[in-house]
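For reference, the structure discussed in these notes is given below.
Since every read-out is calculated from the coordinates, none of them should be taken as a lab result. These figures come from a predicted structure and were not determined experimentally. All Cβ positions, glycine included, derive from the backbone under ideal geometry; neighbour counts span all protein chains shown.
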Amino acid sequence: MEGWILRPARPEDGPIIRRMIREARLNPFGLHIPRFWVAEVQGRVVGAVQIRPHRDGSRELASLVVDPAWRGRGIGSALVRAQLARAREPLVLICRPELEPFYARFGFRRLRPEEMPPFFRWVHRIARWLGRPLRIMGWDPTEAVEEPPEG
Ligand SMILES: CC(C)(COP(=O)(O)OP(=O)(O)OC[C@H]1O[C@@H](n2cnc3c(N)ncnc32)[C@H](O)[C@@H]1OP(=O)(O)O)[C@@H](O)C(=O)NCCC(=O)NCCS
C-alpha cells in the first residue's frame with residue numbers, strides 16, 4: 001500500500017484543503033491554513049485537519065477530511081493521532097452522531113452541557129433548537145485512554 005506523510009500545511013495547500021472541505025460539506029468558515037496539518041501521498045495532499053482556537057479559550061479539533069479515494073486506509077486516524085500527540089490542552093469537537101464511535105477510539109467522550117466550553121454550549125443549544133443531531137465530544141490529555149482495537 002502507498003505510504004503517506006503528515007506535515008504542517010503550507011500556503012500553497014490552501015486551495016486543495018478548501019476544496020476537500022467544500023466537497024465534504026464541512027464548515028467552510030474559520031479555515032486558517034497555517035493551523036492545518038495535511039496528509040500527503042506522492043506529493044499530493046489527500047487529507048487535512050486543524051486545531052481551531054475559540055475566544056472562550058477552548059480549542060477545537062476541526063475540519064478533519066480525507067479525499068474520498070483515500071478513505072478507509074487509516075489516514076483520518078493518523079491525522080487525529082498526530083494532533084493528540086502534540087496537544088497539551090483539552091480538545092473539543094463537533095461531529096455527526098455516526099462518527100461518535102470513530103472519535104471514541106482516540107479517547108474522546110461525549111460532553112454533558114455543563115462540561116462544554118461556552119462556544120460549544122452555544123452550538124449545542126442552537127443545534128437542538130434546529131433539531132440537528134450533533135455530538136460535542138471532548139478529549140483531555142490528563143485522562144484520555146485510547147480504546148483497544150476490536151477483535
Ligand atoms: C471521517 C473521515 C475523515 C475518516 O477518514 P479515513 O481516512 O477514512 O479514516 P480511517 O481510515 O482512519 O478510519 C475509517 C473509519 O472511520 C469511520 N467512519 C468514516 N466515515 C463514517 C461514517 N460516515 N459513518 C460511520 N463511521 C464512519 C469508520 O469507523 C471507519 O472505519 P472502517 O474503515 O473500518 O469502516 C473521512 O471519512 C471523511 O473525510 N469524511 C467526510 C468528512 C467528515 O465527515 N469529517 C468529519 C468531520 S467531524
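Listed conditions (1) basic (Lys, Arg); (2) touching a strand residue (DSSP E or B) at 6+ places or on another chain (Cβ under 9 Å); (3) within 29 Å of Ala127 (Cα to Cα) are all met by Arg18, apart from (2).
The residues on offer are Arg55, Arg19, and the sole one that is touching a residue at least 12 places away in the same chain (Cβ under 8 Å), over 27 Å from Pro148 (Cβ atoms) and among the basic types (Lys, Arg) is Arg55.
Here the condition is being free of Cβ contacts under 8 Å to residues at least 60 places away in the same chain, out of contact with any Cys (no Cβ under 6 Å at 6 or more places or on another chain), closer than 25 Å to Glu143 by Cβ and of a type in the set (D, E, K, R); of Arg71, Arg44, Arg25, Arg96, it holds for Arg96 alone. Taking the range 36-66 as the range and being within 11 Å of the ligand (Cβ to nearest atom) and either out of contact with any Asp or Glu (no Cβ under 9 Å at 6 or more places or on another chain) or among the aliphatic types (A, V, I, L, M) (or both) as the test, the residues that pass are Ala39, Val46, Ala48, Val49, Glu60, Leu61, Ala62, Ser63, Leu64, Val65, Val66.
Scanning the range 80-103 for residues that are surrounded by fewer than 15 Cβ atoms within 10 Å (Cβ to Cβ) and of a type in the set (Gly, Ala, Ser) turns up just one, Ala85. Looking only at the range 113-142, which residues are within 18 Å of Glu89 (Cβ to Cβ) and touching a residue at least 24 places away in the same chain (Cβ under 8 Å)? Within the range 113-142, Met116, Pro117, Pro118, Phe119, Phe120, Ile136, Met137, Gly138, Trp139, Asp140, Pro141 qualify. Against the numbered list (1) at negative phi; (2) assigned to a loop (DSSP other than H, G, I, E, B), Gly57 comes up short only at (1). Looking only at residues of the range 106-132 that are assigned to a loop (DSSP other than H, G, I, E, B) and within 13 Å of the ligand (Cβ to nearest atom), we find that the one that is nearest to Val66 (Cα to Cα) is Phe106. I'd like to verify a number: residues in the range 11-37 that are within 18 Å of Ile75 (Cβ to Cβ) and either in a loop (DSSP other than H, G, I, E, B) or not hydrophobic (A, V, I, L, M, F, W, C) (or both), how many? Final tally of qualifying residues: 5. Considering the range 67-105, and only residues there that are more than 8 Å from the ligand (Cβ to nearest atom) and in a strand (DSSP E or B), the residue that is nearest to Arg25 (Cα to Cα) turns out to be Val92.
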